[in-house]
Structures are given as structure tokens and as C-alpha cells.
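In what follows, a structure is listed as C-alpha cells, so that the remarks can point back to it.
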Amino acid sequence: MQSTAKLNDLRAEFLATSTRSMPIAGILYWSVVAVAALYLRPTQLAYVVGFGSGMIFPLGILIDFLRGRKIKHASSGNPVTQMFLGCLGLVVLMWPLVLIAANQAHSANLIVLGGAILMGIIWIPWGWAADDPVGLQHAVGRSVLCYACYLFVPAHYKASAISVAVLLSYTYSLIRMRKLQD
């Protein structure tokens, strides 16, 4: 029982350092991708997705700053926070697999699909760390919707459709997040 209380305390500390600004940054990012997909060549869009994905974190910090939210720094001694940050590293390590597959298949849309799914996977450890089932729901729903878009939407609209699937997933999650208040 004591270890459960400690885990609850660690999760509470994790939540205290979390913010809705990261999902909001993701919404802004994927909105840009959805529109850009209609105007850019697939290779150009692949660069937007590949390099732009690294902008979500700093954009989230900027949103917090602009909203006047005092940023609480995550405790480096919190194993829940360490697990979450470690999972971010795992997602980054998977990017080369997406790039290699897209290169072999000569499909820039595969980079959009891979980015959408990889960036959604981080919701699984977030959900566990926050003790909120919406994390797993987001990751699974987002992946299924993105795969469906990739498989069934005409080629010219695949990237935009995948982006819209991600936006729908974010909307669902922001509505359903139960513990994150700011």
C-alpha cells in the first residue's frame, strides 16, 4: 500500500509539471501540416514534418510563456518523469526507421504517416504517468485513423487527411483529459 501512495505522489508531481500547451502546440503544428500538404510537393512536406516535429516542444514552452503560466520544472529525481522523458528518446530513435522506409518506398506520405504515429506514441507513457486512460486511447485511436487515411484516401489528399486525423485525436484528448488543469 505504501508503494501505491508513493506512485500516486510521483504521478501528482508529474502532473504538476505538465501543461495543455504541448497538445495545443501539436494542434498548431498539425494544422500547418494539413494546409501545407495541399500546396507543397510531397518531398517538401516531408521536410516540414521531419524538422517541424522538433518544434512542438519549444512551441509549447512559448505558449506557456505567452499565457503567463509559470513553468514548473520537472524533477529529475522523479522516476515517472524520467520514464516519460526516456520514452521521448525512444520515439526519436524510431525516426530513422520511418525515413528509411519512406526512401525505399519512394513515398513522402509515409513520412507524414510515420511522424503522425510516432508523435502519438508518446501519449501512452504520458497516460500512464498521469494515470489517465486518455493517453492510450489517443495513441491507439490516432494510429488507427492515420493508417485508415493512408490506406483509403486518394494520394493527393493523404497527408492532409492524416493531419486531420491527428487534429481529431488532439481534440478528443483535450476534451477528455481529466487531471491536467492550467
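The values are calculated or read from the model by the stated rules, or taken from the named source; none is laboratory data. All figures in this text were calculated on a predicted structure; none of them were measured in a lab. Ideal geometry is used to build each Cβ from the backbone, glycine not excepted, and the neighbour counts take in all protein chains shown.
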_Between a residue in the stretch 11-23 that is hydroxyl-bearing (Ser, Thr, Tyr) and any residue that is outside any loop (DSSP other than H, G, I, E, B), which pairs come within a Cβ distance under 6 Å, given they are 6 or more apart or on different chains?_
Thr19/Asp64; Ser21/Gly60; Ser21/Ile63; Ser21/Asp64
*So which residues in the stretch 96-114 are over 13 Å from Lys158 (Cβ atoms) and surrounded by 17 or more Cβ atoms within 10 Å (Cβ to Cβ), if there are any at all?*
Val98
_Pair list, Cβ < 7 Å and 6+ apart or interchain, from the stretch 72-85 residues that are surrounded by 14 or more Cβ atoms within 10 Å (Cβ to Cβ) to residues that are at pLDDT 80 or above and of a type in the set (Asp, Glu)_ = Ser75/Glu13; Asn78/Glu13
*Tell me, which residue of the stretch 122-158 that is modelled with pLDDT of 95 or more and β-branched (Val, Ile, Thr) is nearest to Ser107 (Cα to Cα)?*
Val153
*Residues in the stretch 75-82: is at least one in a helix (DSSP H, G or I) and either of a type in the set (S, T, N, Q) or modelled with pLDDT of 90 or more (or both)?*
yes
*Does the stretch 30-47 include one or more residues that are charged (D, E, K, R), out of contact with any Gly (no Cβ under 6 Å at 6 or more places or on another chain) and modelled with pLDDT under 90?*
no
*asked:* Being in contact with a Leu (Cβ under 7 Å, 6 or more places away or on another chain), of a type in the set (A, V, I, L, M) and assigned to a helix (DSSP H, G or I) narrows it down to one residue among Ile61, Ile27, Ile56; which is it?
replied: Ile27
_Restricting to the stretch 42-68, count the residues that are in contact (Cβ under 8 Å) with a residue 24 or more places away in the chain, closer than 20 Å to Gly114 by Cβ and surrounded by fewer than 18 Cβ atoms within 10 Å (Cβ to Cβ)._
3
*Sort out which residues of the stretch 127-142 are in a helix (DSSP H, G or I), without any contact (Cβ under 8 Å) to a residue 60 or more places away in the chain and surrounded by 19 or more Cβ atoms within 10 Å (Cβ to Cβ), and write them in order of number.*
Gly127, Val134, Gly135, His138, Ala139, Arg142
